[in-house]
Amino acid sequence: MKAAVLIKQVPDTTAKIDISGGEVDESGIAKWSISPYDEYALESALQMQKDVGATVVAITLGPDRASKSLVDAAAVGADELVHISHEGAIGSFALQTALAEAVKRVGADVVLAGKQAADTNAGSTASGVAKILNWPCVGLVSKIDASEGEFEATRSTVAGLERVSVSSPCVFAFDKGEDKLRIPNVRGIMMAKKKPVQKHTMADLEVDASNGGITESSVTYPPQKPPGQKFEGASSAPEVVSRLRDEANVI
Amino acid sequence: MRTLKGLYLSGCIDIMGYEALDFYDVDSLLTDEERMIRDVVRDWVDSSVIPKIENACREGVFLDEWRQEIGSMGILGAPLKGYGCPGLSYTAYGVICRELERGDSGIRSFASVQGSLAMYPIWDFGSEEQKERYLPKMATGELIGCFGLTEPDYGSNPGDMVTKAVEDGDGFVLNGAKMWITNGTIADLAIVWAKLDGVIRGFIVEKDDPGFSAPEMKGKHSLKASVTSELVFQDCRIPKDRILPGVKGLRGPFSCLNNARYGISWGAVGSAQACYDSARSYAMSRIQFDHPIAAYQLIQNKLAWMLREITKAQLLAYHLGEKKDSGTWIPEHISLAKMNNVDIALEIARVSRDIHGANGILDEYPVMRHMANLESVKTYEGTHDIHNLILGRHITGIQAFTREA
C-alpha cells in the first residue's frame, strides 16, 4: 500500500507575520514549518507504515524553501519525497489539480492531508483533490486504523466520536490527531538529506497554473481588540455584575 | 510619533517565545544537518524542558521521560562512531549541548556525562566485548552511565586518589569512595578510576555489583534537576573483564574530560543566551518612570555588554569545534573556551538577574536557576582557576599547581 501525505510549508506558528501592500511579507518570516494539521496526517501515515507496511510518500507544492519540509518528513520516516516547484501564489484549483496528478503518478492508494493549512485556513485541498481523483473523502479525522486496503477512521462530531469505514482509494483530511508527530532522530536527519527528491514542474504535470479558480485579492491584519475596561473598588461590583450578565452574557 | 511604550503596547515589540541571540549569524556556518539537529533539540527543549524544569528543580528530580526522549532523539555520545552511536561532528555535539543547556545545565550535564564521560572511555579504551555490550544501549538511553574520578579529598588533584583496586582470583576488588558524581544514583554502570598497583586504571562497575552503592547527595542549591551522588566501594567485587584495557594513568580520565569540557564551552553559551533573552524581553516590557526600562542607558549598557560577550563566546565555541573536527586542537584550547564561556555566562546570569529586579529571584523567570547552575559549572570539569593554571603552564612552561618545582 502506498500512502501519499500532502504537506504544506507554512510560517511557523511562532513566527511574526508582517503585511505590506496587501500581501504577507515573506522576507520577515524567520522560520517555516510543516502545517500542524499536516503533521497529524504524516504521523498517521507513519503508523500505517509500521502497522501494514505502507510506503509513505510526502508531496509538497511550493518554492525551493518548501523542500525543507520534505527533508523534515524524511527525518521522521517518509520513504519517498515529491516536490512540485512553484514560485508565488497559486489558486486552489490549480494546486489541487497538480497534487491530484502527483498522487496518480506515484500510484498512491490513499491520501492524507491536514484539514486546512495554518496560513491560509482555506480548507479546500483534501476535498478538492478527492473530487478531482473521484475518490471518497473523510473529513475531520483524528485517527485511522488501517488494514490492507480497508480503513476505520475516528472523527469528532458535535455529538461525540464517530467511527467510519472506508476502502482505498480514498482521501482523509486531518483534524487534530490523537498522536503528535514523533520527534526526529538525528540518524533520521542525516539520512533524510541523502534521500532523493522527485522534482516536478507544473508543466511536467500538465497543469495550467493560471487556472486557479480563486484569486486572493488582499490580506489585512485582523481588527485590533478593543481595550479592556478597568473597574476599581467595591462600589463598582453592581456595574461589573450587570455588564457581565447583559453585555458579556457570561453569568 | 510612536513612543517606545506605544510600540510595546501595540505588540510591535515581541515579548513571547525564545529567540536565540546570534548577532554575527554564527549558525550560518553550520551545515544544514547541524541546523536541523539544532532545531530538533531546541523544539524539544521548548516543549519538554521549559514547561517542566521549575517543578523538577523544586522537587530535585531528573525526569525519566527526559532520559527516554533524549535517547530517542539519538543525541547521546554524539561524536562517537559505530556501535549504534550517532557519529556526528564535534560541532554538532556542541550545538546539542548549547541547546540543552539553554533549557537547563542539569539536562546538559546528563548528556555530557553519558556521552563524554561514560560512553567515550568505553569507546576509546574498552575491549570489543565491552563496546558491544554497553554502547548500543547507552546511545539509546536504555543504560545510563556515570563517571567516578573525584573523591572527597581529591578534586583538582585527582592523581593522588586513594580508591584502590586489587587483583583477586578471577576478578578485582575495589575499595574507596567517589563524590560529586552526576547521574550516580540512576546509573546502570559507572566508569570508576582507581589505582591498581599504584597506576590509575578505568573499571566498569555495574549497579548490582556486590559492595557497590550510590547514595544521592541532597541539599544542592544548584543543578537541582540533576542527580548528584557518592559512589561507595566496600570490598566491591567485579569480574576481570571489566577493566578498560586501553589506557593507563591520568590520560584516561583527562581525555574524557577534554570532550566534556568542550561540550560545556558550547553549553554555557546556551545558558547565557537564555538569560540574555529573558533580560531583553523583560527590559522591553517592564515600565518604570513611564518608559520601558530598556529605554534607559544603564540597562542598554548591560544588554550591549551581554551581546558582546555572547557573540565572542559563540565564535570561540564554533572555532574550537572546527579544531576538534580537524584534529588541530590542544587541551589548552579547550581550557580557554570552557573557562571563558562559563565565566561570562555566570556574569550574564547575574547581570540579567539585576535587570529583572525583584522578579529575577522568582522561578517564573529562568535567570536565577541558570545563575545557580552556573556556579557548579564554573567549578566542575576543572575549576575556573585550574584552567587558568593550565594556561599559565602553557605560557611559561612552569607548572604552578603544586608548590614543588
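A short reminder: the numbers here are calculations on the coordinates, not readings from a lab. Keep in mind the model is a prediction, meaning the values are calculated, not measured. As a convention, Cβ positions derive from the backbone with ideal geometry for all residues, glycine included, and neighbour counts pool all protein chains shown.
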Next item on the list: For region B:273-377, count all C-alpha to C-alpha pairs, find those more than 24 Å apart, and express that count as a whole percent of the total.
Entry: 32
Check: Two-decimal Rg/Rh of region B:15-69 from alpha-carbon positions, Kirkwood Rh?
Finding: 1.07
Notebook entry, point to check: What percent of all Cα-Cα pairs in chain B falls in each 20 Å bin, counting up from 0?
Noted result: 28, 55, 15, 2, 0
Check: Quick one: what do you get for the protein assembly as shown if you divide its Cα Rg by 2.2 N^0.38 Å?
Finding: 1.11
Notebook entry, point to check: For chain A, what are the DSSP H helices with axial Cα length of 18 Å or more and mean Kyte-Doolittle hydropathy of at least 0.5?
Noted result: A:92-106
Notebook entry, point to check: Okay, helix-only estimate at 222 nm for the protein assembly as shown: each DSSP H run of n ≥ 4 adds -39500 (n - 2.57), divide by all residues, round to 500 deg cm²/dmol; what do you get?
Noted result: -13000 deg cm²/dmol
Check: A:Y221 to A:A30: extension gain in nm, 0.36 nm per residue of separation minus the Cα-Cα distance?
Finding: 66.9 nm
Check: Stretched out fully, how many nm does the piece from A:I19 to A:V250 gain, at 0.36 nm a residue minus the Cα gap?
Finding: 79.7 nm
Next item on the list: Please find, in a Gaussian network model of chain A (springs between Cα atoms separated by less than 10 Å), the residue of A:P227, A:P238, A:P196 whose mean-square fluctuation is greatest.
Entry: A:P238
Margin query: With θ taken as phi - 60° and the coefficients 6.51, -1.76 and 1.60, list the Karplus ³J(HN,Hα) couplings across region B:144-160 in order, rounded to whole Hz; mark glycine and proline as x.
Written below: 9, x, 9, 9, x, 10, 5, 10, x, 9, 9, x, 5, 10, x, x, 8
Next item on the list: Along each of the three principal axes of the Cα atoms of region B:80-220, give the extent in whole Å, ordering the values from largest to smallest.
Entry: 43, 39, 26
Next item on the list: Would you mind telling me the antiparallel percentage of the DSSP bridges in the protein assembly as shown, rounded to 5?
Entry: 60
Checklist line | Reciprocal mean inverse distance between Cα atoms of region B:22-128 - Kirkwood radius, Å | finding: 14.5
Next item on the list: Apply 1/(1 + (r/R0)^6) to the Cβ-Cβ distance of B:N175 and B:Q288, taking R0 = 41 Å, and write down the FRET efficiency to the nearest 0.05.
Entry: 0.10
Next item on the list: Report the dimensions of region A:2-223 along its three principal axes from the alpha-carbon atoms, largest first, rounded to Å.
Entry: 50, 43, 36
Check: Of B:R393, B:R403, how do they rank once you tally other Cβ atoms within 10 Å and put the fewest first?
Finding: B:R403, B:R393
Check: Rounded to the nearest 5, what is the percent of antiparallel bridges among the DSSP beta bridges in chain A?
Finding: 40
Next item on the list: Compute the FRET efficiency between B:K220 and B:E142 as 1/(1 + (r/R0)^6), taking r as their Cβ-Cβ distance and R0 = 25 Å, and round to the nearest 0.05.
Entry: 0.40
Check: What full-extension length gain, to one decimal in nm, is calculated for B:R251 and B:D124 as 0.36 nm per residue of separation minus the Cα-Cα distance?
Finding: 44.5 nm
Margin query: Taking the number of other C-beta atoms within 10 Å as the exposure measure, put B:V342, B:V227 in order starting with the fewest.
Written below: B:V227, B:V342
Notebook entry, point to check: For region B:216-277 and region B:38-98, what is the separation of their Cα centres, given in Å?
Noted result: 16
Checklist line | Estimated FRET transfer efficiency (B:E132, A:M191; beta-carbon r; R0 22 Å; 0.05) | finding: 0.40
Notebook entry, point to check: Of A:K104/A:K195; B:K178/B:K218; B:K52/B:K312; A:K8/A:K143; A:K180/B:K224, which pairs sit farther than 24 Å apart, going by alpha carbon to alpha carbon?
Noted result: B:K52/B:K312; A:K180/B:K224
Notebook entry, point to check: Sorted from fewest to most neighbouring beta carbons within 10 Å, what does the list B:C97, B:C146 look like?
Noted result: B:C146, B:C97
Check: How large is ³J(HN,Hα) for each residue in region B:175-180, as worked out from phi by the Karplus curve 6.51 cos²θ - 1.76 cosθ + 1.60 (θ = phi - 60°), to whole Hz, x for Gly and Pro?
Finding: 9, x, 8, 10, 9, 6
